[in-house]
Amino acid sequence: MRILSGIQPSGKLHVGNYLGMMKPMIENMGRGELFAFVVNLHALTSVQNREQLANDTLEAAADFMALGLDPDQAVFWVQSDVPEVTELMWYLSSLTPMGLLERCHSYKDKVAKGILSSHGLFSYPVLMAADILLFQAEVVPVGKDQKQHLEVARDIAIKFNNAFGETFVLPEPQISADLATVPGTDGAKMSKSYGNTIGIFQTAKQLKKNVMAIVTDAAAIEDIKDPEKCNLFNIFKIFAPPERTEAVRDQYLNGGAGYGYVKLELVEILWEYFREAREKREELVADQGYLREVLAKGAEKARGHAVKTIDLVRDRMGMKY
Ligand code: ADP
Ligand code: TRP
């Protein structure tokens, strides 16, 4: 089974990204052929700053490896190092109906949030389809917000196969039901663009600030509260050991849960949860030569696969004359 997913290097990694995409990818290690990459071409739609993008690309690679992705057990690369993907994007573009892209929520949401409505942003799902189809991926672990993009990729693959003969594998999304959408500090979907994130690699002080910002109601300690309706509890239960989750649930149901105390415990829990990864990341970021070497090797492996698909596509579409 071939499993593939990508992460944008556009800002600091938050627990939503980790649980929605990175953790499932890392857990898939050993279960199949793993293809993981940093999608710097996609990030161009929102980051137009040379230093920032170059730096964030390397940092995103370090994040992924620090959290457990082993480049020896995966093909791990940076998207732009495999230029075949942009060629495939053009081929796919020519059979992608405008209406398919016009229906995409992500484009509309991003424009509503103030991101420049560029042609690149509009055709973002076609580049994503090219990412997936170029490597003949069967399973794509993503957060729920990317489900529609997976449907677009499948639609495009079907159109291609119908027009030019069986060429592409149809990819399936892998969305873990309970973690499909991790809530942010305000209860809405955790997202960089909503400013409601809890970062993973940040100072203890910043972490505390994020957690303290989790919005709760004004109930007093002794009040009886519904844990499932409490955003703080919903984040707490994802990271706390089961016995602490049960103890705190009891306090909510019987009176005795103080939001301030739960928050302080959550800070401790998160700090410990990501301790090993934080230390690993510091080492990786300090050794950029090593990171670049890993990515160069990964790009070479990825290109080996990409060239095979693109060669077939060129032939199927009449590029060989
Ligand atoms: P953001 O919304 O912060 O900009 P991205 O769009 O870059 O995050 O998402 C990167 C990956 O993380 C995607 O696979 C996405 O589905 C996943 N993801 C992002 N936010 C969440 C969340 N709150 N819950 C679950 N998965 C998420
Ligand atoms: N669009 C994805 C996101 O915003 C990132 C992405 C690009 C991706 N290409 C991909 C994810 C291919 C999975 C497979 O998070």
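The values are calculated or read from the model by the stated rules, or taken from the named source; none is laboratory data. None of these values were measured; they are calculated from a predicted model. Ideal geometry is used to build each Cβ from the backbone, glycine not excepted, and the neighbour counts take in all protein chains shown. Just the protein is used for accessible areas: all its heavy atoms, side chains included, with ligands, DNA and RNA removed. Shrake-Rupley method; radii C 1.70, N 1.55, O 1.52, S 1.80 Å.
Points worth noting:
- Entry remark, the range 39-93: residues being aromatic (Phe, Trp, Tyr) and in contact (Cβ under 8 Å) with a residue 60 or more places away in the chain number 3 in total.
- Within the range 214-321, helices (runs of 4 or more DSSP H) holding 1 or more residues that are under 22 Å from the mean Cα position of the chain (by Cα): 231-239, 259-273, 275-286, 288-317
- Some residue of the range 145-165 being surrounded by 15 or more Cβ atoms within 10 Å (Cβ to Cβ), closer than 22 Å to Cys230 by Cα, within 9 Å of ligand 1 (Cβ to nearest atom) and in contact (Cβ under 8 Å) with a residue 40 or more places away in the chain: no
- Residues within the range 208-234 that are under 14 Å from Trp271 (Cα atoms) and in contact with a strand residue (DSSP E or B) (Cβ under 7 Å, 6 or more places away or on another chain), tallied: 1
- Every residue from the range 158-175 that is of a type in the set (A, V, I, L, M) and away from ligand 2 (no atom under 13 Å from the Cβ): Ile158, Ala163, Val169, Leu170
- Considering only residues in the range 86-125 that are open to solvent by less than 70 Å² (accessible area, probe 1.4 Å) and among the aromatic types (Phe, Trp, Tyr), the one that is farthest from Ile156 (Cα to Cα) turns out to be Tyr107.
- Meets criteria (in the same structural domain as Ala296 (by TED's automatic domain parsing) and more than 17 Å from Val285 (Cβ to Cβ)) for Pro24: yes
- Residue match in the range 106-127 (condition: in a helix (DSSP H, G or I), within 23 Å of Leu34 (Cα to Cα) and more than 16 Å from ligand 1 (Cβ to nearest atom)): yes
- Failed item in (1) surrounded by fewer than 23 Cβ atoms within 10 Å (Cβ to Cβ); (2) of a type outside the set (Lys, Arg); (3) away from ligand 2 (no atom under 13 Å from the Cβ); (4) touching a residue at least 12 places away in the same chain (Cβ under 8 Å), with Gly11 passing the rest: (3)
- Ala257, sole failed condition from (1) modelled with pLDDT of 95 or more; (2) surrounded by 14 or more Cβ atoms within 10 Å (Cβ to Cβ): (1)
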